[in-house]
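Novice: Quick one: the structure is below, questions incoming.
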Amino acid sequence: MEPRYPRYLPDPDASRDEMEDLQRAVADAAVFTDEFTFDADHVCRCSGGDGTDTDDADQTTLDGTRGTGGRNLPVVAGVDQAFLDDSAISAVVCLRGGEVIERVHAVSELAVPYIPGLLSFREGGPIVDALAELDTDPDLLFFDGSGRIHFRQAGLATHMGVIFDCPSVGIAKSLLCGRPREPVDGRPEGWHTPILSDSDVDASDGRVIGYAYQSRQYASSRKINPLYVSPGHRVSAETAVDLVSNCCAGYKLPEPTRLADAYADEVKADYA
């Protein structure tokens, strides 16, 4: 997988002002509406969390097509990282119909410290290195990080999505900026509410920039926090949360990023 717009590649040697200017250019280039050709209802829908088919009449054949109609299933790639000293282990796991079809990784030196709002300049280069290892051409990218829920509307998922011109979604475990329309504590599984832009976001106040989504919850204690889902590129906020919901198989994280997280840890253990 090669960058389509390399001019947006993050430069770790840029000044902070230059980094922020590039993020604004990325946000201007990003598309926060649905511009994709795959059927969103078929994303991660073929298998349940226990590996069984969710619809016996519409199963996946060995060539990755639907049993009824022969339609190709979309490929979703989950991207996550683990860290080892001054290096990032970037892992990519590709799924078609809930089945893993490819796993790749790259180990890259980190050149930028962690700075809130500039994550793509720390992790973006290593992620580009890992995506370059793919033989598969994903239809959709899931990132462990923010998309439009970002000070300059250009989080990691947006930055990478624009570089590769690939539909992308950001899935974060904490809220970087913006405000939920409703309180998020103790919500039941499946609940969601919009995240609205505020004075910290380079957007008109009150614009929907993502969603808080309660992917899993315990009926007894309700202590699990929601995910913060936002469009990266060529996906709307509303569709982004639907896609993540489709891909959660009984866990808090959607399968693509959950498996990428586990794979990154697996690779890290080999270096220990």
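Novice: Quick check on region 120-130. Is at least one of its residues modelled with pLDDT of 95 or more, surrounded by 23 or more Cβ atoms within 10 Å (Cβ to Cβ) and polar (S, T, N, Q)?
Specialist: yes
Novice: Scan region 229-265 for residues that are surrounded by fewer than 24 Cβ atoms within 10 Å (Cβ to Cβ), under 15 Å from the mean Cα position of the chain (by Cα) and hydroxyl-bearing (Ser, Thr, Tyr) and jot them down.
Specialist: Scanning region 229-265 gives Ser236, Thr239, Ser245.
Novice: Still on this structure: Report, by residue number, each residue of region 11-35 that is surrounded by fewer than 16 Cβ atoms within 10 Å (Cβ to Cβ), among the hydrophobic types (A, V, I, L, M, F, W, C) and assigned to a loop (DSSP other than H, G, I, E, B).
Specialist: Ala14
Novice: Give the residue, chosen from Ile224, Ile149, that is among the aliphatic types (A, V, I, L, M), touching a Phe, Trp or Tyr at 6+ places or on another chain (Cβ under 9 Å) and surrounded by fewer than 18 Cβ atoms within 10 Å (Cβ to Cβ).
Specialist: Of Ile224, Ile149, the one residue that is among the aliphatic types (A, V, I, L, M), touching a Phe, Trp or Tyr at 6+ places or on another chain (Cβ under 9 Å) and surrounded by fewer than 18 Cβ atoms within 10 Å (Cβ to Cβ) is Ile224.
Novice: Mind listing whichever residues of region 126-147 are outside any helix (DSSP H, G or I), under 28 Å from Gly178 (Cα atoms) and in contact (Cβ under 8 Å) with a residue 40 or more places away in the chain?
Specialist: If the condition is that a residue be outside any helix (DSSP H, G or I), under 28 Å from Gly178 (Cα atoms) and in contact (Cβ under 8 Å) with a residue 40 or more places away in the chain, then Leu140, Leu141, Phe142, Phe143, Asp144, Ser146, Gly147 are the ones that fit.
Novice: Which residue out of Thr52, Thr37 is polar (S, T, N, Q), at pLDDT below 90 and either out of contact with any Lys or Arg (no Cβ under 7 Å at 6 or more places or on another chain) or under 27 Å from Val93 (Cβ atoms) (or both)?
Specialist: One residue alone meets the criteria, Thr52.
Novice: While we're on this one: Please work out which residue is modelled with the highest pLDDT, limiting yourself to region 56-114 and to residues that are touching a Gly at 6+ places or on another chain (Cβ under 7 Å), of a type in the set (Ser, Thr, Tyr) and part of a strand (DSSP E or B).
Specialist: Among them, the one singled out is Ser108.
Novice: Looking only at region 224-258, which residues are among the basic types (Lys, Arg) and touching a residue at least 40 places away in the same chain (Cβ under 8 Å)?
Specialist: The answer is Arg234, Arg258.
Novice: Taking the condition surrounded by fewer than 24 Cβ atoms within 10 Å (Cβ to Cβ) and of a type outside the set (Phe, Trp, Tyr), does Pro138 pass?
Specialist: The answer is no for Pro138.
The values are calculated or read from the model by the stated rules, or taken from the named source; none is laboratory data. On a predicted model such as this, the values are computed, not experimentally measured, just so you know. We place every Cβ from the backbone using ideal geometry, glycine too, and count neighbours over all the protein chains shown.
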